[in-house]
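The values are calculated or read from the model by the stated rules, or taken from the named source; none is laboratory data. Bear in mind that the values here come from a model prediction, so they are computed numbers and not experimental data. Every residue, glycine as well, gets a Cβ built from its backbone with ideal geometry; the counts of neighbours run over all protein chains shown. Only protein heavy atoms, including side chains, enter the accessible area calculation; ligands, DNA and RNA are left aside. Shrake-Rupley method; radii C 1.70, N 1.55, O 1.52, S 1.80 Å.
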Amino acid sequence: MALTDRTIRAAKPAEKQYKLSDAGGLYLLVTPAGGKLFRFKYRFDSKEKMLAIGIYPDIGLAEARERHAEARKLLARGVDPSAEKKHQKNERKERAENSFKVVALEWYERQKPSWTEKHAAKILARLENDVFKMLGAVPVADVDAPAVLKVLRKIEERQAFYYASRVRQTIGQVMRYAVATGRTRYDPVPALKDALTTHVEKHMAAVTDPKRVGELLKKFDDFTGTHTVGTALQLAPLIFGRMGELRQMKWVDLDLVNGLWSIPSASMKMREPHIVPLSVQAIQLIKGMEPLSAHLDYVFPSRRNPLRPMSENTINVTMRRLGIDTQEELTGHGFRATARTILHERLGYNPDWIEAQLSHRKRGPLGSAYDRTIFLEQRIGMMQAWADYLDQLKK
């Protein structure tokens with residue numbers, strides 16, 4: 001006789017558990033403790049088996065019959081319902097364990113050794129502040145384009161359009177890692193290519209008019225602040241490196257006899273060692289720092305803590321105090337663009353020599369590995385000519 005809701009509600013516990021049958025192997029098991037459990041008894045590969053359907057009243061009779069019907073369909077296709085249930089349970093567990101946050105942090109730890117400390121901190125902050133709050137607990141296999149777009153729209157509400165594009169890039173890197181490691185089947189980020197507000201990139205301010213360059217160099221020479229900051233200001237245009245590299249210049253990396261500065265990979269943006277030829281003028285400036293910092297690690301130590309390098313904002317703040325607009329005219333980093341343009345367009349130097357001096361990785365198969373000594377002899381001559389040219393501009 002088929003089960004009814006009234007029959008199930010009226011069923012009372014007994015000393016021993018007993019069954020109330022429905023149809024097709026479905027039955028209700030009533031336990032001595034009063035539990036009412038839907039079960040499905042069936043045979044698979046000539047073996048008698050039992051599938052737990054659910055607990056009444058969490059699962060009602062109608063739903064129990066639906067689940068029973070689904071199990072019978074699996075049997076008809078030659079699939080063991082119990083094995084399928086176990087597989088789905090394991091899959092749910094695996095998906096829960098492979099949340100976006102878990103996968104992202106795994107990716108982060110694998111990439112971290114190839115990054116500078118500053119870049120690694122930036123990536124982690126990006127994930128923790130703007131991504132994990134909304135995607136962290138989501139199984140990475142469930143992360144789709146609308147979910148990612150929701151994160152990015154939240155950032156765009158702050159008018160941080162460039163930052164949103166960077167976060168999109170980071171999420172894409174995590175998702176590609178998830179694909180590669182078998183945690184998801186696709187990366188939804190490419191679908192968002194045209195969904196974000198277009199960011200108009202504004203390059204760092206730089207001066208390329210020789211006359212104005214000369215005027216700015218005179219301002220640096222006339223600086224009346226600390227000797228450390230004044231020397232860093234004067235040295236920056238001579239070597240046109242990244243400001244982080246200049247700030248972290250160490251005595252141990254300098255060969256003032258041969259005029260070479262060997263920057264270790266840990267201090268470089270691209271994590272590749274780099275050699276900077278030093279002109280006579282640059283060597284003279286660095287030697288002027290010996291009485292102040294030769295006993296320390298850094299050539300340009302922090303004023304507050306001599307064991308650390310100069311603050312990353314010192315150069316730009318000083319330039320603003322000298323009346324230089326670091327938003328529209330020139331930043332410390334802008335010397336790279338200044339040198340790149342003038343060396344090629346006005347002084348006629350080979351672009352490959354300039355790119356090598358800027359420590360830019362060459363595109364294409366021949367540039368897959370960066371060689372710190374590439375065009376070194378040519379760069380030595382170029383850097384001395386550049387320093388002499390700057391002296392002429394000041395005159």
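One residue stands out among those in the stretch 175-208 that are within 27 Å of Arg242 (Cβ to Cβ) and surrounded by 12 or more Cβ atoms within 10 Å (Cβ to Cβ): the one that is modelled with the lowest pLDDT, which is Met204. Where strands (runs of 3 or more DSSP E) fall wholly inside the stretch 1-56, the ranges with 3 or more residues that are open to solvent by less than 30 Å² (accessible area, probe 1.4 Å) and on the phi < 0 side of the Ramachandran plot are 26-30, 36-44.
Look at Gly241 and say whether it is in a loop (DSSP other than H, G, I, E, B), touching a residue at least 40 places away in the same chain (Cβ under 8 Å) and surrounded by 15 or more Cβ atoms within 10 Å (Cβ to Cβ). Answer is yes for this residue. Filtered by the rule that a residue be assigned to a helix (DSSP H, G or I) and open to solvent by 10 Å² or more (accessible area, probe 1.4 Å), the stretch 246-256 gives Arg247, Trp251, Val252, Asp253. Does Asp221 satisfy the criteria of being of a type in the set (Asp, Glu), under 30 Å from Thr318 (Cβ atoms) and open to solvent by less than 80 Å² (accessible area, probe 1.4 Å)? Spelling it out, Asp221 is indeed of a type in the set (Asp, Glu), under 30 Å from Thr318 (Cβ atoms) and open to solvent by less than 80 Å² (accessible area, probe 1.4 Å).
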